[in-house]
1. As a test of reading the structure, rank 155, 38, 60 by solvent-accessible area (1.4 Å probe, protein chains only), most first.
2. Ranked from the most accessible area to the least, with a 1.4 Å probe and all protein chains present, what is the order of 228, 33, 251, 258?
3. What is the log10 of I(q)/I(0) for the stretch 35-187, computed with the Debye formula using one identical point scatterer on each Cα and no solvent, at q = 0.09, 0.10, 0.19 Å⁻¹?
4. By how many nm would the segment from residue 184 to residue 242 lengthen if fully extended, with 0.36 nm per residue of separation less the alpha-carbon distance?
Amino acid sequence: MQDCLARASGNSEHRVPGRQVMGIVQSVGRKARKTHDIVKGDQIVALTPNGKGNARFISIPAKTAIFIPSDIQRDDVICLVESYMAAYQMLNLGKNNGLPHTDSKILIIGASDPVGQAMVEMAIKEGATVYATSAKSHRQHLLKMGAIWFPNNPIKLTKLRGKMDVVVDTLCLDGYKTSYEALKRSGRLVCTINPPNHYYDEDASLFQQMQRYWSTFNARYIWGTFNRNVSFYDVHKSFADDPKMFEHELRYLLCKLRNEEIKPKVSGRIALNQVPKAHTFVEKGLPNGTVVVLPWEKLDATQQIPMERQR
């Protein structure tokens, strides 16, 4: 999604997309060999906040590399880093003194993407009642997962006013106003730092655009500063702030993966030449799961993207 946001904004500073990378270490720098326990042939995963994760070869700082056991499938690891880590950490931000979400009511605004679906899965398994919003095309899938579905419409969400223990908002439909109003007095609001803009009206007036900017600024820097029950989250900032904790929690999710307690969903595996078309699908909300790029796949300009779409 972050690659799509950069593309939509016209940011061409980093022309190679991909915010995560997994692969085999080909060489280790002299200084890195002295300070990090990484050797040639290790399987590692890393966050690449400035892109370039889809490249066939990439040079990264040794401190960003996380060792992954060779028996773990690459697709599953990408799903964990791309989706489940963000979902797990955002749900943790919504906890009251670290207590489980058992018997809590949780509203997830923007539950159709891989992070949202991971949150739905994990919150339900923790015993929460989950309310999830999405486009209508994802309604049946979210209902099948066990969520109570609502459309991405702030007016419809007024029915939930004052009833939620936790609201996780990844869309910022109306400057987080509806999300904040849905909370109980002691409820917690968790927002993403860079919400997507493809739900906004492209023909919005300058005044409307300024209203949206102010609402987001107000929520992040005023609510977030003076209200301890409002948190903003970014997976790359989370890793930069505390790499050891990030790695520890990733290993915890790897244990849950081995025990089949979580089930990552891959909607498609694509080659490098298919990335632009896949971005178009993601922007339209069509993939029902994570899209994994395999840079070493044979490039065939005529092949179709093997991507499952939610009907």
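1. On the way: 155 130, 38 30, 60 50 Å².
Reading off the accessible areas and sorting them downward yields 155, 60, 38.
2. Ranked from most to least accessible, the order is 228, 33, 258, 251.
3. -0.37, -0.45, -1.09
4. Numbers: separation 58, 0.36 × 58 = 20.88 nm, distance 3.05 nm.
Additional length available on full extension: 17.8 nm.
The values are calculated or read from the model by the stated rules, or taken from the named source; none is laboratory data. Since this is a predicted model, take the numbers as computed values, not measurements. These accessible areas exclude ligands, DNA and RNA; they are computed on the full protein's heavy atoms, side chains included. Shrake-Rupley method; radii C 1.70, N 1.55, O 1.52, S 1.80 Å.
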